[in-house]
Amino acid sequence: MNGVEVNDTPLFNKIALIGFGLIGGSIARAARAQGLAGEIVTTARSAKTRARVMELGIVDAVLETNAQAVENADLVILCIPVGACGPVAQEIAGHLKPGAIVSDVGSVKGAVVRDMAPYLPEGVHFVPAHPVAGTEHSGPDSGFAELFINRWCILTPPEGTDTAAVEKLRAFWAAIGAKVEIMTPDHHDMVLAITSHLPHLIAYTIVGTADELEGVTQSEVLKFSAGGFRDFTRIAASDPTMWRDVFLTNKDAVLEMLGTFTEDLSKLTRAIRRGDGEALFEHFTRTRAIRRGIVEIGQDSAAADFGRPHAHLGKKPE
Ligand code: NAP
């Protein structure tokens, strides 16, 4: 794997991944590639998905129940929608090995801690996590081992969590290429509300608005989408279950950010109405610098047009 060393001795004897979608499947592929587990098992609810995961040949076993999967596992990671974490914690609680690390990958942390912690027994180390990496694809075929390279993974261990367990999970994420940061669940939810949740909400809104316009036809929206619209459609194609759960569980932080956003939108609306070119120019100059900053710290490529390939013009006849 790109710039990440492969381990000789596995970090964990057995890893159980509950859910094998984009994130679970990517963790499995990366952990396998890096030799981080003696054994990797996973679960899937339908026989069809279980058969497909076995066919992919990345894990050692695909089990029907989450309880079976976590038996004897040293690391258990819930890779399922945020709203499903509480019920699954309840289901696995009585089957966890003492000393096991239990984690998740949910995009919201306060709700996951609130929903899972009450079920987890003494002697099990709960270290919630959120890899800030993804694509708009989902399902067992969508994952890839390189997803986490040079991306951040935020850990939000509750106060008093065993530091050795936190460090072991940090080492796991670092071994699959991620940079790790630790913060409180509430702070995580506030930061992600502006960097991820609000942008998704805006994309879902704008794509929905374009779909319902009366004066512009659907085919015109699609045909002229390169004017900016298509970049929103990628985000708005994200999994509906995952994003429903994000907005239901990070309600307060999202509403707070939405309030600030609405005020700023009103300022720009006023500038347009009043023909205040100076205000618009000053605002757009400031935002351009933010884009440059993201490229400078390596969180996106500097390639024009997101690196999309462009056709070449044929030679003019002489
Ligand atoms: P995904 O590709 O749709 O996979 C979701 C997995 O969860 C599937 O294996 C699905 O199983 C399983 N699942 C769904 N509901 C379940 C339930 N009630 N009980 C047990 N298993 C259930 O989704 P994903 O993108 O990997 O997202 C998983 C988690 O990662 C979410 O919490 C999300 O917030 C977080 N996350 C996502 C991204 C991203 O960009 N996508 C980035 C960072 C974190 P079936 O196949 O049986 O339905």
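The values are calculated or read from the model by the stated rules, or taken from the named source; none is laboratory data. Just so it is clear, the structure is predicted and the values come from calculations on it, not from any experiment. Don't worry about glycine lacking a Cβ; one is built from the backbone with ideal geometry, like all the others, and counts go over all protein chains shown. Surface areas here come from the heavy atoms of the whole protein model, side chains and all, with no ligands, DNA or RNA. Shrake-Rupley method; radii C 1.70, N 1.55, O 1.52, S 1.80 Å.
What to note about this one:
- Residue within the range 117-138 that is of a type in the set (Asp, Glu), open to solvent by 30 Å² or more (accessible area, probe 1.4 Å) and more than 18 Å from residue 27 (Cα to Cα) present: yes
- When residues of the range 113-137 are limited to those that are touching a Ser or Thr at 6+ places or on another chain (Cβ under 8 Å) and not in a loop (DSSP other than H, G, I, E, B), the one nearest to the ligand (Cβ to nearest atom): 130
- Residue 88 being crowded, with 22+ Cβ neighbours inside 10 Å, outside any helix (DSSP H, G or I) and out of contact with any His (no Cβ under 9 Å at 6 or more places or on another chain): no
- When the range 98-112 is filtered for residues that are surrounded by fewer than 24 Cβ atoms within 10 Å (Cβ to Cβ) and either more than 16 Å from the chain's Cα centre (by Cα) or more than 15 Å from the ligand (Cβ to nearest atom) (or both), the ones remaining, listed by number, are 98, 99.
- If the condition is being in a loop (DSSP other than H, G, I, E, B) and either basic (Lys, Arg) or open to solvent by 70 Å² or more (accessible area, probe 1.4 Å) (or both), then the range 139-176 contributes 141, 144, 146, 151, 159, 160.
- Condition met for residue 238 (within 19 Å of residue 206 (Cα to Cα), touching a Gly at 6+ places or on another chain (Cβ under 9 Å) and of a type in the set (Gly, Ala, Ser)): yes
- Selection count where residues are aliphatic (A, V, I, L, M), within 13 Å of the ligand (Cβ to nearest atom) and farther than 19 Å from residue 76 by Cβ, scope the range 26-61: 3
- Scanning the range 62-75 for residues that are away from the ligand (no atom under 13 Å from the Cβ) and either part of a loop (DSSP other than H, G, I, E, B) or within 21 Å of residue 107 (Cβ to Cβ) (or both) turns up 71, 72, 73, 74, 75.
- Filter pass, residue 95 being in contact (Cβ under 8 Å) with a residue 40 or more places away in the chain and either open to solvent by 10 Å² or more (accessible area, probe 1.4 Å) or not assigned by TED's automatic domain parsing to the domain that holds residue 29 (or both): no
- Condition met for residue 80 (in contact (Cβ under 8 Å) with a residue 24 or more places away in the chain, open to solvent by less than 20 Å² (accessible area, probe 1.4 Å) and closer than 30 Å to residue 254 by Cβ): no
- Considering the range 213-240, the residues that are among the charged types (D, E, K, R) and over 30 Å from residue 83 (Cα atoms) include one that is most open to solvent (accessible area, probe 1.4 Å), namely 214.
- The residue list 264, 300 contains one member that is outside any helix (DSSP H, G or I), surrounded by 10 or more Cβ atoms within 10 Å (Cβ to Cβ) and charged (D, E, K, R), which is 300.
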